[in-house]
Each structure stands twice: as C-alpha cells, then as structure tokens.
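The values are calculated or read from the model by the stated rules, or taken from the named source; none is laboratory data. Keep in mind that what you see is a predicted model, and the values were worked out from it rather than measured. Cβ placement follows ideal geometry from the backbone for every residue including glycine, while neighbour counts extend to all protein chains displayed. Side chains are part of the model used for accessible areas, which takes the heavy atoms of the whole protein and leaves out ligands, DNA and RNA. Shrake-Rupley method; radii C 1.70, N 1.55, O 1.52, S 1.80 Å.
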Amino acid sequence: MSLLLLARHGNTFGPEDPVVWVGAKEDLPLVKSGEAQAAAFGEALREQSVAPARLVSGPLKRTRRAAEIVKAITMSDADIEIDARLTEIDYGQWGGKTDGEISAAFGPDAIPDWRERHKRPENAGWSPDDQTLKSNALGVLGGMTSGGFPALVLTSNGILRYFHNAIGFKGDAKVKTGHICAARLSERGWTPLFWNQPPETLPELS
C-alpha cells in the first residue's frame, strides 16, 4: 500500500497558556492535550489496522513525542527516523510572540499574508529561505519512493505547507494540531487524497 500520511504534532499550549508563534528555536514539548491528540491519531490508525512501515519525524520534542506515541499504539516495527529537513521554520523575530504583538510590529497584513497567501514577511529573520524549504520537502518525498509503505511523516504546520504544494494539493494549506493529511504514490507520481483531517473522521485508508 503506497500510502503516505503527513501529520502535525499536537498541542504545545495548555488552556491558560498564551498562544505564541513556535518555530525551530521554541522547542516546546507536547502538553497533556497534545499527547491525547497523538494518541487519538494512533488509535484511528490501529482501528484500520494501519501500522507505519516507515516513521519519519522532525527533531523537535513535539514531533518526536508524537511519533513515539503513534508508534507504540500502532505497534509499528519501524524505527523512528529523525530528519532535520522536517524541523519547523525558524520564525526569527516572530518566534515566541502572539498574533497581536506581530501585527503591532509588522502590520495587520503580515500574518494573513503568510497564512492565506503563503507570502513570507520581509526583515523578520525567518530561516531557512523559501527555496531551501521547497527543496527539503521535495527531498523528503523523493526519499519516500524507495521506502516502505504505509509511511508516516510527523512535522509542523509551517513545513507541511511546503508538502501541500509539492504534492499538488489545492486550497488552504493550514494543518491544525493533531490533524492528518494523505497522498498515494503510483508510477505517475503523488496523488493527493485528503488534507487537514481530524483523527475522529479519518477517511478509509485501504
């Protein structure tokens, strides 16, 4: 089954925590609800008898922990591969700041430009550059063609936006915490299946 699953880690903020931009330098762990989201994903896969034959994670705590939870619940035999290309974007001057603080410093259009139009801010110190992130997504996908399936990639929202484009998905590229995306590989290349689905309504994967 040449199935590729792409998932975003779960929550890194509790109910009383201020929600800020979390990039490569903000290496936060999953909170209790975030671990529950990863467990719900694992349970959804187990219900469909899907155990990843390959499990690739970014190096940050939040993605590694999500991968560990899914591996345990699905009883996958795969070792967790850590791939630095799946590290979340370093949001530079945006990192650790709230939406309100960013809008005040960079203007009211800065956040919508990124979220809705995939336009990076200027002079905010983001890294890597856009071309590197595109190449990283293509490189990870290229490495999947010779690996085992079903395969699971666990990363963050900023990085998933580049997979959205590389695979050929349409529409909103955002992935909510704990949500899942999928594509299938054939001789013709990648076919998009679904994007940004919660575990509770995970489509049939067989």
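Surface calculation, 1.4 Å probe, protein heavy atoms: Ser206 sits at approximately 110 Å² accessible. Mean separation of Cα pairs under 8 Å and 6 or more residues apart, divided by the residue count, gives region 69-158 a relative contact order of 38 percent. Result for the chain in a Gaussian network model with C-alpha springs under 10 Å: among Leu86, Leu152, Leu141, the largest mean-square fluctuation is at Leu141.
Largest first, what is the accessible-area ranking of Val20, Val50 with a 1.4 Å probe?
Details: Val20 35, Val50 10 Å².
The most accessible residue leads, giving Val20, Val50.
Per residue, the chain exposes 47 Å² of solvent-accessible protein surface, assessed with a 1.4 angstrom probe and all protein chains in place.
Pick out which of Trp114, Trp21, Trp126 has the largest mean-square fluctuation in a Gaussian network model of the chain, springs linking Cα atoms closer than 10 Å. Looking only at Trp114, Trp21, Trp126, the largest GNM fluctuation is found for Trp114. Per-residue surface analysis assigns Glu204 an accessible area of about 130 Å², computed on protein heavy atoms at 1.4 Å probe radius.
Comparing Gln131, Gln48, Gln93 in a Gaussian network model of the chain (Cα springs below 10 Å), the most mobile by mean-square fluctuation is Gln131. Evaluating 6.51 cos²θ - 1.76 cosθ + 1.60 at θ = phi - 60° for every residue in region 76-91, the Karplus couplings come out as 5, 8, 6, 6, 7, 8, 9, 10, 4, 5, 9, 5, 4, 4, 7, 7 Hz, glycine and proline recorded as x. Write out the trypsin sites (Lys or Arg not before Pro) in region 102-206 meeting two conditions: DSSP loop, and at most 16 other Cβ atoms within 10 Å of their Cβ. Filter output for region 102-206: Lys119, Lys170, Lys174, Lys176, Arg188.
Lysine pair count for the chain with Cα-Cα distance under 17 Å and sequence separation of 8 or more or different chains is 10.
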